[in-house]
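The values are calculated or read from the model by the stated rules, or taken from the named source; none is laboratory data. Quantities reported herein were computed from a predicted structural model and do not represent experimental measurements. A quick note on method: Cβ atoms are made from the backbone with ideal geometry, for glycine too, and the neighbour counts reach across all protein chains shown.
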Amino acid sequence: MSIDESTTNEQLIGRADLNDLEAILAVSASDQQESIRAVEDHADAIFTWDYEKGARPALNKLYEKAKVSMWNGETDLPWDTVVDQEQVARDNMALGTFGDADLSHTPFAKWGDKEWTNLGMEFQNWSLSQFMHGEQGALICTAQIVETVPWIDAKYYAATQVMDEARHVEVFAKYLDTKLNGHYPINAHLKMLLDDIINDSRWDMTYLGMQIMVEGLALAAFGLAMQVTPDPLLKKLLRYVMSDEARHVAFGVLSLKEFYDGLSDKEMLERQEFAFEAAVRMRDRFLQQEVWDRMGVDVKEAVKLFDMPAEIKNQDPFQQLLFSKIVPNCKKLGLLDANDGWLRKRFDVLGVTQFEDWADTGEEYLEMDAVTQDRLAAESA
Ligand SMILES: [Fe+2]
Ligand SMILES: [Fe+2]
């Protein structure tokens with residue numbers, strides 16, 4: 001199939017120019033008042049009568065690993081840590097690049113330390129809130145995989161992931177409630193992506209959207225957040241969550257590898273398009289538009305002042321690193337190069353293809369098992 005026959009940006013993302021700022025900001029969070037939200041899933045619940053455990057050895061190994069690497073969000077984290085959110089915000093803001101823009105003749109010219117510190121706290125509230133909402137998305141998607149995947153080893157493993165995700169939602173919610181000073185509703189771009197993943201009736205699309213794309217990005221984002229936070233509680237929380245997330249991404253890679261080997265070019269193209277759409281939606285949410293709104297400044301003005309133009313942003317190391325797990329995993333699955341490199345060409349535009357030969361997550365989870373490492377260290381102490 002030639003890539004000319006594939007879907008256009010307009011059809012995939014809803015805009016012809018991927019970097020059309022007006023169009024990105026026009027998507028705003030709606031239904032903030034609702035306490036629940038219903039999303040239709042169109043998938044069949046699949047029973048299997050083939051109970052042979054270990055028919056897929058790599059998934060069986062992952063399942064056994066998951067059983068012994070469970071942790072308790074209430075008792076394994078140092079919740080008695082005192083978190084000085086203002087100080088954390090000041091530390092985080094000192095790492096940022098806000099001082100570089102010319103702020104004279106803008107609303108920010110009048111801002112003092114208090115406003116900048118508040119902004120830092122809101123960024124934190126926003127980020128942790130999005131982590132929490134994403135975790136709930138993972139909880140729901142993985143429960144869906146328990147129903148829809150036809151293999152018993154995958155159902156077993158997915159069941160352990162459901163427990164992991166419940167714990168992740170729990171610890172992020174507790175951190176927000178007890179250590180930070182506000183919540184945010186789900187970002188509109190993240191919500192659209194989760195809706196698309198849940199809506200799709202094909203079981204492998206749930207994996208691709210959640211385990212490969214959302215969790216691949218989360219694994220990289222948590223890693224970056226863990227490195228910069230001065231708070232020992234958040235550091236340990238993220239380290240333990242990442243230890244689980246590495247298994248989850250491996251679950252996606254190991255399951256899809258087998259399934260994709262049997263797909264036609266046309267079916268692969270549909271997966272490539274889905275991966276590309278997910279990548280753009282995740283990139284769009286980095287604008288953190290809801291924070292500017294809450295700070296009472298014009299969102300477009302703030303974004304134009306502080307957000308890098310797309311050509312530069314695509315060269316930004318931080319932005320690029322967020323895709324450092326997704327790209328090698330897409331390559332391993334054959335998504336990068338199928339159909340004359342359809343996805344490779346688009347990832348080139350996003351400036352992320354350079355990660356293609358980084359470690360994929362199919363085996364990396366063994367090195368990232370922080371829970372087991374801590375237990376062994378405690379035993380030998
Ligand atoms: Fe998670
Ligand atoms: Fe996960």
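Some observations on this one:
- Within segment 29-49, the set of residues being modelled with pLDDT under 80 and either surrounded by 13 or more Cβ atoms within 10 Å (Cβ to Cβ) or in a helix (DSSP H, G or I) (or both) comprises Ala29 only.
- Within segment 126-148, if we keep just the residues that are hydrophobic (A, V, I, L, M, F, W, C) and over 11 Å from the mean Cα position of the chain (by Cα), the residue that is nearest to ligand 1 (Cβ to nearest atom) turns out to be Leu139.
- Verdict on Asp100 being away from ligand 2 (no atom under 16 Å from the Cβ) and modelled with pLDDT of 95 or more: no
- Pairs are defined by a Cβ separation below 7 Å, a sequence spacing of at least 6 or placement on different chains, a first member in segment 253-268 that is under 15 Å from Trp203 (Cβ atoms), and a second member that is modelled with pLDDT of 95 or more and among the acidic types (Asp, Glu); the pairs so defined are Leu256/Asp204; Phe259/Asp204.
- Scan of segment 168-185 for residues that are within 17 Å of the chain's Cα centre (by Cα) and closer than 17 Å to Met121 by Cα, ordered by number: Phe172, Ala173, Tyr184, Pro185
- Between Leu180, Leu208, the distinction of being modelled with pLDDT of 95 or more, in contact with a Gly (Cβ under 8 Å, 6 or more places away or on another chain) and away from ligand 1 (no atom under 14 Å from the Cβ) belongs to Leu208 only.
- Cβ pairs under 8 Å, 6+ apart, first in segment 50-79 and under 19 Å from Phe251 (Cα atoms), second assigned to a loop (DSSP other than H, G, I, E, B) and at pLDDT 95 or above: Ala55/Trp151; Arg56/Trp151; Leu59/Trp151; Asn60/Lys53; Asn60/Gly54
- Test: residue in segment 230-243 that is within 24 Å of Leu119 (Cβ to Cβ) and either of a type in the set (Val, Ile, Thr) or touching a Phe, Trp or Tyr at 6+ places or on another chain (Cβ under 6 Å) (or both): yes
- The one condition in (1) more than 29 Å from Val146 (Cβ to Cβ); (2) surrounded by fewer than 17 Cβ atoms within 10 Å (Cβ to Cβ); (3) at pLDDT 95 or above that Leu233 fails to fulfil: (2)
- Residue match in segment 214-227 (condition: within 23 Å of Ala43 (Cα to Cα) and either within 13 Å of ligand 2 (Cβ to nearest atom) or buried (at least 24 other Cβ atoms within 10 Å of the Cβ) (or both)): yes
- From Lys257, Lys313, residue being on the phi < 0 side of the Ramachandran plot and at pLDDT 80 or above: Lys257
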